[in-house]
Every structure is written in structure tokens, then in C-alpha cells.
1. Inspect all residues belonging to region 53-70 and state whether any of them is more than 14 Å from ligand 2 (Cβ to nearest atom), over 24 Å from residue 110 (Cβ atoms) and in contact (Cβ under 8 Å) with a residue 12 or more places away in the chain.
2. If you go through region 123-150 one residue at a time, how many are surrounded by fewer than 20 Cβ atoms within 10 Å (Cβ to Cβ) and either within 16 Å of ligand 1 (Cβ to nearest atom) or not in a helix (DSSP H, G or I) (or both)?
3. Please go through (1) touching a residue at least 40 places away in the same chain (Cβ under 8 Å); (2) near ligand 1 (Cβ under 8 Å from one of its atoms); (3) within 25 Å of residue 217 (Cβ to Cβ) for residue 41 and return the number of the only condition it doesn't satisfy.
4. Sort out which residues of region 44-68 are out of contact with any strand residue (DSSP E or B) (no Cβ under 8 Å at 6 or more places or on another chain) and near ligand 1 (Cβ under 9 Å from one of its atoms), and write them in order of number.
5. Would you check which residues across region 18-52 are more than 16 Å from ligand 2 (Cβ to nearest atom) and either surrounded by fewer than 20 Cβ atoms within 10 Å (Cβ to Cβ) or assigned to a helix (DSSP H, G or I) (or both) and list them?
6. Would you mind stating whether residue 153 is at pLDDT 95 or above, under 30 Å from residue 112 (Cα atoms) and surrounded by fewer than 21 Cβ atoms within 10 Å (Cβ to Cβ)?
7. Quickly run through region 156-167 and pick out the residues that are away from ligand 1 (no atom under 14 Å from the Cβ) and surrounded by fewer than 17 Cβ atoms within 10 Å (Cβ to Cβ).
Ligand SMILES: Nc1ncnc2c1ncn2[C@@H]1O[C@H](COP(=O)(O)OP(=O)(O)OP(=O)(O)O)[C@@H](O)[C@H]1O
Ligand SMILES: [Mg+2]
């Protein structure tokens, strides 16, 4: 069973779509379009495929996010009950370091409640960085991400977890282990090659299926993200000079 993102070029790269019920990391540095792609996944799910969806924003203010999405042709207020936007509150969690474990469990419980109530089939958590910052060691962080991934899998939702990465690298996660816990990784890059920046997207891992393995160009316009699987990245050159 496939879950189409509704972004044509990306669905072509995925040979039809994501495997339904899987948890995918969507990584990229600042401004590469992670939130936009995530929201398009939810928006298209509702508009094109009649699948309810939940978007959880952990850092970005909900109203600002709605305004931003309007500028790229997504009016979230018009999606009705099929759309749930949760967020803001996680920012407070860092003040409850001693209750970290309980808070992760609360967070998972809230997701489960909303997904069951709304019968959501798609979920985006934007981003997991703040969530993982609550823990003190890599071991705890990895266990937390595993617990979250398992909870999402139990819910049978197709999930995108956005992940901020450092600038000017080809890193696909912040801590270096996130990519091993999830079922798939899609990475978005913004690489400077004078006199321009080039945006490129690649499917780095997708357990259980074949897919396009090239970095291909994408563009953000007032219609959202468009992916061009047939076009060469970096103006046709494949070698990247550091
Ligand atoms: N209306 C628009 N037309 C064209 N491009 C736009 C438009 N609105 C936003 N963008 C581009 O999208 C980028 C922001 O995308 P988005 O917020 O999805 O990125 P992000 O990866 O989630 O960023 P962050 O790391 O800050 O969360 C902007 O920096 C801008 O380049
Ligand atoms: Mg964002």
C-alpha cells in the first residue's frame, strides 16, 4: 500500500509514493522547505486523497505557520475537521527536565488521542530536534525516538518527522543516529556554488522498496514545492566541490 505525497516529482521518485504506515525522517538545514513539504503532505492528503492528517508544530507559532502556508497557496482554515494543527506547548518542556520521561509519554498519548479521534492517516512532527534536546544522553535520545517511532507505527499512520541539520554539510540528522531508527530518510539540501544556491532533494533510505537514488532539483514557489526528477542538479554537474 502506497501513500502519495501529492508532490508529483517526489511520488515519481518514490515509484508511486511512501509505503503506508512507515515513519520517515525529512531532514534539511534552515529554510530548505521541511515545514512546507510536510504541510503539503498533509494538505494533499486531505484535498486529493480524502485522508485526514495531523500537523504538530513544536517550535513555530501556529498563526504564523498558517500565514506562511497561505503565501504558498495552502489555506489551512479551509480544511475543516480533517485537519488538526497542534503545537506551541512543547517549547515549555525544557523547564521540566526532571519530568522528561513523563512528558514524552504525555506527548505520545496526546498524539494517539488526536489520531484516533480524527481517524488521521498522516502525521507530521515539525521538528524532532527540540523533542530530542530534552534528553541528556544519546542513549536516552535514541530510546525516545524509538518509542515515538513505535507509537506512530502502532497507529498505522504514515509519518514525516522533520529534522534540522547543520548548514553546508551533507548530514542527514542532527545527532547522527536518527536515520537508523526510522524507516526512511528524505534529505533536502541548499548548496552554494557561486554565484548561486542550488536546492536538491534525495531519498537517502527507504526500507522495503526501490526508489530514485539521485539528488534532483526542487523549487519553492507560491504553489509550494515542485520536484524535478528528470533534471540534473547543480546545473548538470555531479561533482560537488567543498
Ligand atoms: N510564497 C513563497 N514563494 C516562494 N518561496 C517561498 C514562499 N514562501 C516561502 N518560500 C521559501 O520557503 C522557505 C521556507 O520554507 P520552510 O519554512 O518550509 O523551511 P524549513 O526548512 O521548515 O525552515 P526552518 O528550518 O526555518 O524551519 C523560505 O525561506 C523561502 O525561501
Ligand atoms: Mg520549518
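1. There is no residue in region 53-70 that is more than 14 Å from ligand 2 (Cβ to nearest atom), over 24 Å from residue 110 (Cβ atoms) and in contact (Cβ under 8 Å) with a residue 12 or more places away in the chain.
2. Residues flagged as surrounded by fewer than 20 Cβ atoms within 10 Å (Cβ to Cβ) and either within 16 Å of ligand 1 (Cβ to nearest atom) or not in a helix (DSSP H, G or I) (or both) within region 123-150 amount to 6.
3. Looking at each condition in turn, residue 41 falls short on (2).
4. Once the filter is applied, which keeps residues that are out of contact with any strand residue (DSSP E or B) (no Cβ under 8 Å at 6 or more places or on another chain) and near ligand 1 (Cβ under 9 Å from one of its atoms), region 44-68 yields only 68.
5. Within region 18-52, 19, 20, 21, 44, 45, 46, 47, 48, 49, 50 qualify.
6. The answer is yes for residue 153.
7. 156
For (1) away from ligand 2 (no atom under 16 Å from the Cβ); (2) modelled with pLDDT of 90 or more; (3) touching a strand residue (DSSP E or B) at 6+ places or on another chain (Cβ under 8 Å); (4) closer than 19 Å to residue 40 by Cβ, each residue gets a yes or a no:
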| site | (1), (2), (3), (4) |
| --- | --- |
| 80 | yes, yes, no, yes |
| 94 | yes, no, no, no |
| 122 | yes, yes, yes, yes |
| 140 | yes, yes, no, no |
| 163 | no, yes, yes, yes |
| 170 | yes, yes, yes, no |
| 175 | yes, yes, no, no |
| 196 | yes, no, no, no |
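The values are calculated or read from the model by the stated rules, or taken from the named source; none is laboratory data. Treat the numbers as computed from the prediction; the structure is a model and nothing was measured. Backbone-built Cβ (ideal geometry, glycine too); neighbour counts: all protein chains shown.
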